[in-house]
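**Q** Here's a structure for you.
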Amino acid sequence: MQYETKSRSVLKAISWRTWATFTTAVIVFIFTGAFALAITVGLLEVFAKMGLYFFHERLWQKISYGKKEVPSFVLWFTGLPASGKKELASRVFEKLRADKLKVERIDSRDVRPLFPETGFTTEEVNKHIKRSGHLAAMLEKNGIIVVASFVSPYSASRNFAREISTNFVEVYLRTTLEACEKRDQQGHYAKARSGEYQDFPGIHFDYQESDAPEIVLDVDCISVDEACEQIVSYINNNVLTGKSLSRK
């Protein structure tokens with residue numbers, strides 16, 4: 001894949017302007033036979049068109065027709081531990097950033113250090129998700145796209161995050177407990193089964209599925225690349241087009 005550098009674009013603009021001016025001067029010389037007049041007209045054309053282009057651009061900046069505002073939104077990845085949320089969210093984040101969009105990435109590991117006393121009981125987890133939802137909503141209100149990945153096993157706190165956001169896209173990674181345990185390279189499930197961890201989603205209590213997440217991905221059946229493309233396609237067709245995502 002090739003792309004054009006800024007220096008190449010500038011050189012092309014200069015060469016085009018030079019050839020255009022030269023052509024104008026030649027046409028004037030052919031019709032008048034006056035070399036000095038041809039040079040003068042050519043130079044006048046350069047300055048005249050530069051001025052016209054400047055005012056033309058300033059005028060179009062004030063015209064709203066055809067302008068498209070890129071909306072901010074919260075893209076919330078949820079699912080069992082080791083379902084692949086972090087990897088997939090990071091992949092989507094990189095794609096959005098490559099498109100020069102204002103985007104931030106937040107993960108449970110980023111937010112928990114801000115509240116080091118937060119534990120893992122139902123009440124504490126719900127508080128943690130609500131705080132994270134507030135953070136995401138604040139970033140969204142400031143025109144930033146937020147890519148967030150949290151287990152967020154309780155529907156109540158996920159719904160709270162949805163309610164305080166303007167555009168909320170929930171991505172549910174549907175999988176089985178057995179598949180998550182096979183993917184778990186850090187041994188969290190084993191520690192939960194041995195009793196070292198308490199209140200662990202999937203072991204000590206069931207993950208509460210949403211009624212209607214915007215995107216559901218059967219991650220046991222598709223690759224990370226395929227899942228990423230599905231999410232990006234949804235964003236392009238349903239979010240960046242300016243469609244309302246509010247279900248409040």
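The values are calculated or read from the model by the stated rules, or taken from the named source; none is laboratory data. For clarity, every value in this text was computed on a predicted model and none was experimentally measured. Note that each Cβ is placed from the backbone with ideal geometry, even for glycine, and that neighbours are counted across all protein chains shown. Only protein heavy atoms, including side chains, enter the accessible area calculation; ligands, DNA and RNA are left aside. Shrake-Rupley method; radii C 1.70, N 1.55, O 1.52, S 1.80 Å.
**Q** Pick out the long, greasy-scoring helices in the chain: whole DSSP H runs spanning 30 Å or more along their own axis by Cα, mean Kyte-Doolittle at least 0.5. Write down the numbers at each step before the final one.
**A** Working: long enough: 6-32 (39 Å, 0.71); 35-61 (39 Å, 0.91).
What comes out of the filter, once short or polar helices are dropped, is 6-32, 35-61.
**Q** Need one number: nm distance between label points at T23 and T122, each 7 Å from Cα along Cα→Cβ, rounded to one decimal.
**A** Rounded to a tenth, the inter-label distance reads 7.6 nm.
**Q** Only sites in a loop by DSSP and with at most 11 other Cβ atoms within 10 Å count here; which trypsin sites (Lys or Arg not before Pro) in the range 170-243 make the cut?
**A** Values: sites: R174, K182, R183, K191, R193, K243; in loops: K243.
Filter output for the range 170-243: K243.
**Q** Another question, if that's okay. Take the eigenvalues of the Cα gyration tensor for the range 116-161, scale each by 5, and report the square roots as semi-axes in whole Å, largest first. Show your work: numbers first, answer last.
**A** Numbers: eigenvalues 83, 24, 14 Å².
The answer is 20, 11, 8 Å, longest axis first.
**Q** In square angstrom, rounded to the nearest 10, how much accessible surface does S233 have for a 1.4 Å probe?
**A** For S233, the solvent-accessible surface is approximately 50 Å².
**Q** What is the spin-label model distance, in nm, from W60 to V10 if the labels are put 7 Å beyond Cα along the C-beta direction?
**A** Distance between label points: 2.2 nm.
**Q** Using a 1.4 Å probe and counting only protein heavy atoms, arrange H204, H188, H128 so the residue with the most accessible area comes first. Could the numbers behind the result be given before it?
**A** Numbers: H204 80, H188 60, H128 5 Å².
Ranked list, largest accessible area first: H204, H188, H128.
**Q** Give the average over all directions of the projected area of the C-alpha convex hull of the chain, one decimal, in nm². Intermediate results must be reported in sequence, preceding the final value.
**A** Working: hull surface 77.4 nm².
The directionally averaged projection comes out at 19.4 nm².
**Q** In whole angstrom, note down how far apart the Cα centers of the range 147-212 and the range 1-40 are.
**A** 63
**Q** Follow-up question, since we're still on this one. From Cα pairs below 8 angstrom and at least 6 apart in sequence, can you work out the relative contact order of the chain, rounded to a whole percent? Don't skip to the end; give the middle numbers.
**A** Numbers: 292 pairs, mean separation 56.3, N = 248.
Relative contact order comes out at 23 percent.
**Q** With labels modelled as points extended 7 Å from the Cα through the Cβ direction, what inter-label distance (nm, one decimal) is found for T32 paired with A190?
**A** A separation of 8.9 nm, rounded to one decimal place.
**Q** Right, next: Shape verdict for the range 76-184, please, from the Cα gyration tensor: rounded (a/c under 1.5), prolate (a/b greater than b/c) or oblate. Kindly include the intermediate steps, with their values, before the conclusion.
**A** Numbers: a/c = 1.70, a/b = 1.14, b/c = 1.49.
Oblate shape, in that a/c is at least 1.5 and b/c is the bigger or equal ratio.
**Q** Could you pull out every one of the aspartates and glutamates with an alpha carbon less than 13 Å from that of K130, ignoring same-chain neighbours closer than 8 positions?
**A** E163
**Q** Using only the Cα atoms of the range 1-141, what semi-axes does the equivalent ellipsoid have when each is the square root of 5 times a gyration tensor eigenvalue? Give whole Å, largest first. Walk me through the numbers on the way to the answer.
**A** Details: eigenvalues 727, 59, 23 Å².
Output for the range 1-141: semi-axes of 60, 17, 11 Å.
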